[in-house]
Amino acid sequence: MNRTALWLSAALAMLPFAPHAASAEPRHAISMQGEPSLPADFTHFTYANPEAPKGGEITYCVVGTFDNLNPFILKSLRTTARGVIDTIFGNLVFEPLMERNMDEAFSLYGLLAQSVEMDEERKWIEFHLNPDARWSDGEPVTPEDVLFTYEVFTQKGRPPYSDRMKRVERLEKTGPHSVRFTFNEHADREFPLIIAITPIVPKHFFNIDNFDRGTLKPVTGSGPYVIEEVTPGQRIVFQKNPDYWGKNIPTKRGFNNFDKITIEYFLNATAQFEAFKKGICSAYAGPLYTGMGPLQVEREFNFAAAQDGRVLIKAYDLGIPPVVTGFLFNTRLYKFADPTVRQALGQLYDFEWANKNMFGGNLARTMSFWQGSELSALGHPASDREKALLAPYPGRVPQDVMDGSWRPPQNDGSGQDRAALKSALDLLKSVGFKIENGVMLDADGQAFTFEILTASQDEERLAALYQRTLAKLGIAVTIRALDGDQIQSRKQRFDFEMLIGSSGFNNSLSPGIEQIGRWGSQAASREGSFNLAGVADPAVDAAIEAMLNAREKEDFVAAVRVLDRLLISGNYMIPMQHNPQQLIAYWNRFEHPDKDPLFGFQLATWWMKPN
């Protein structure tokens, strides 16, 4: 048993309740910046319809496979069944202590915990569990479950769950329904909120010894659904728990309206879309369900159901920065270790041609990791706060990125812009590259080649466009198409040269601890992390630390802008394009609330029209 496990066991042995520092006032909600927008007597989230009809069923279709129902372990990290915990379909089985309001930047309201206390310095947080909270088998949710969750995550969980206790000095039961976290010097101001949104697992159901082995046996949680049927790799069916404890609490009113939720798996995006057209799938928002492209709507929604109104399309105006997708370098490799080489290759993506010929001119160029918000470096000259953060790292950020005027090179849209080719060639020559007999040679005289991994036909088309441009400079690129399972395995092992990927989950107006996993040095070599690019830069680490410890909004904005400037300057990926709107198609037997939240569609609030 490791040191943390021994300590947790000792904490349990110290019951009843250990003394603690002076208390704060219990509150119904907490927020990362400022105060939560909803009062203590709120009845429901503004984007949910508390009068939504209950009943019926919905089927979601995804690309990929699954071989595990435990989402908290490293094994099968990226092939765990969707829906068990899920940012898109909802946390159907496991729940956290508090629920996020998707119409605020980062505010949390009571779920398993009906109230919370936290000191001004955020050195501790105490949760008071709802006495009515129950697991799906009827057993009560207890402080012992919370303590067990952190013990099993620390011993057998995957990152980031396995790292939570590194920032906790003491975890203790403080009452029949209360548990307190006291933090050490490694914690930051966001960490109490991260604890609040960490899912809790039942002590009486899981065995700590085999927790990390994976399972296809239906797991027990506190959420609104139970797992009814499992066909490994093909289908998982969730049945609503009629005795769900939380159906009437404010954070759940208007949610979880379907009696049954089925998630069907398909090998590729083409099969997924064909299933939607046939009515097998109830809704469609692309392979990852983050939204489909406007050109797909224009070109592929000419089937009968879309023409006669049985299939509808809704556009959401997002209030958050776009997901940054693009060609992502594995900078762990020697060939991509030099930022100048990456900068040169970045100049060879012809967005103007792609937007005109592949996307009908409907997309916008992605330029910043927090584009369209006050957190973006674009259009904002570096403040004195930012300059102070960057002072220990001179030369990291070019002047045009510092003054906010930087923009990616603009091509003429011809697909063979000579000025762009010359600019990229000049950069490559500056670090020793040269062309001989039509072949680009690196500084060591070796042919400069690489492979791009793709996971869909759309990605293949984008890779082929890039391949054609690179060939004009003698750079030979191969394209390897993989299915979902293969590419997830390669990502987990960092076994790739370049792939078309994203910077992580949806960026938000309140970036936080997840940035460590995406860009932090410690995550660069940790198997299964989301730092696919292999970023290991002390300047980036310092910016993230400053962001997490900011007390004032001005300091927070400054730190995020510095992070944005560093990521732009590092050329870790070649951002492509994004749709300014989020589009989702669905069959007209379903309805959704009128209110559109900041974070786009919330499928857990939809319902089926009554017959």
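Readers should treat all values here as calculations from the given coordinates under stated rules, not as data from a laboratory. Since the model is a prediction, treat every value here as computed from it, not as a measurement. A quick note on method: Cβ atoms are made from the backbone with ideal geometry, for glycine too, and the neighbour counts reach across all protein chains shown.
R78 to R468: FRET efficiency via 1/(1 + (r/R0)^6), r the Cβ-Cβ distance, R0 25 Å, to the nearest 0.05? Show your work: numbers first, answer last.
Numbers: r = 31 Å, r/R0 = 1.23.
FRET efficiency, R78 to R468: 0.20.
Report, in debye and to the nearest 20, how large the dipole of segment 325-578 comes out about its Cα centre when Lys and Arg carry +1 and Asp and Glu carry -1 on their Cβ. Each step should come with its number before you reach the end.
Numbers: 26 positive and 31 negative charges, 58 e Å.
That gives a dipole near 280 debye.
Give me Y284, Y47 sorted ascending by neighbouring Cβ count inside 10 Å, so fewest comes first.
Values: Y284 24, Y47 20.
Fewest-to-most ranking of Y284, Y47: Y47, Y284.
How far apart, in nanometres, would the label points at E144 and A40 be if each is projected 7 angstrom from Cα along the Cα-to-Cβ direction?
In this crude label model, E144 to A40 measures out at 3.2 nm.
Just the number, please: percent antiparallel of the DSSP beta bridges in segment 325-578, rounded to the nearest 5.
Working: 14 of 22 bridges.
Antiparallel bridges: around 65 percent, rounded to the nearest 5.
Per residue Cα convex hull volume for the chain, in cubic angstrom?
Working: hull volume 92.1 nm³, N = 611.
So the per-residue hull volume is 151 Å³.
At a temperature of 37 °C and a viscosity of 0.692 mPa s, determine how fast segment 325-578 diffuses translationally according to Stokes-Einstein, using the Kirkwood radius over alpha-carbon pairs as Rh; express D in µm²/s, rounded to the nearest whole number.
174 µm²/s
Find the centroid of the Cα atoms in segment 548-603 and in segment 341-368, then give the distance between the two in whole Å.
Using only Cα atoms to place each centre, the spacing works out to 19 Å.
Hey, what angle do you get for helix 538-548 against the long axis of the chain, alpha-carbon based, 0 to 90 degrees rounded to 10?
Computed tilt is about 40 degrees.
Long-range amide H contacts for E95: which residues qualify at under 5 Å (H placed 1.01 Å from N, peptide plane, sequence gap of 5 or more or a different chain)?
Result for E95 returns I200, S222, G223.
Is there a pair in K203/K247; K156/K203; K429/K472 whose C-alpha atoms are over 21 Å apart, and which pairs would that be? Write down the numbers at each step before the final one.
Details: K203/K247 23 Å; K156/K203 14 Å; K429/K472 15 Å.
K203/K247, as the Cα separations exceed 21 Å there.
Can you list the lysines whose alpha carbon is less than 25 Å from that of K553, not counting same-chain residues fewer than 8 positions off?
Reachable lysines: K123, K387.
Among G520, Q457, S502, whose Cα lies farthest out toward the positive end of the dipole of segment 325-578, if unit charges sit on the beta carbon of Lys, Arg (+1) and Asp, Glu (-1)?
Q457
Working from the alpha-carbon coordinates of segment 251-304, get Rg over Rh, Rh being the Kirkwood radius. Numbers along the way, then the final one.
Numbers: Rg = 13.4 Å, Rh = 12.9 Å.
Using Cα coordinates only, the ratio equals 1.04.
What percentage of all Cα-Cα pairs in segment 407-499 are separated by more than 24 Å?
Values: 1362 of 4278 pairs.
That fraction is 32 percent.
So between L312 and D483, what do we pick up on full extension, going 0.36 nm a residue minus the alpha carbon distance?
Numbers: separation 171, 0.36 × 171 = 61.56 nm, distance 2.93 nm.
Going from the current span to full extension adds 58.6 nm.
Among I479, W353, I73, whose Cα sits farthest toward the positive end of the charge dipole of the chain (+1 at Cβ of Lys/Arg, -1 at Cβ of Asp/Glu, about the Cα centre)?
Of the options given, the answer is I479.
To the nearest 10 degrees, how steeply does helix 143-156 sit against the main Cα axis of the chain, on a 0 to 90 scale?
Tilt of helix 143-156: around 40 degrees.
Taking 7 Å along the Cα-to-C-beta vector as the label spot, tell me the R27-E451 distance in nanometres, rounded to one decimal.
Label-label distance for R27 and E451, simple model: 5.2 nm.
Identify all aspartates and glutamates with a Cα-Cα distance to K595 below 17 Å; exclude those on the same chain that are fewer than 8 residues away in sequence.
Answer for K595, where 17 Å is the Cα cut-off: E51, D103, E104, D317, listed by chain and number.
Please give the direction-averaged projected area of the C-alpha convex hull for segment 448-557, in square nanometres with one decimal. Could you put the intermediate results ahead of the total?
On the way: hull surface 34.0 nm².
Result: 8.5 nm².
Test of understanding: what is the full-extension gain from K166 to D259, defined as 0.36 nm times their sequence separation minus their Cα-Cα distance? Working shown, then result.
On the way: separation 93, 0.36 × 93 = 33.48 nm, distance 4.00 nm.
Once the chain is fully extended between K166 and D259, it gains 29.5 nm.
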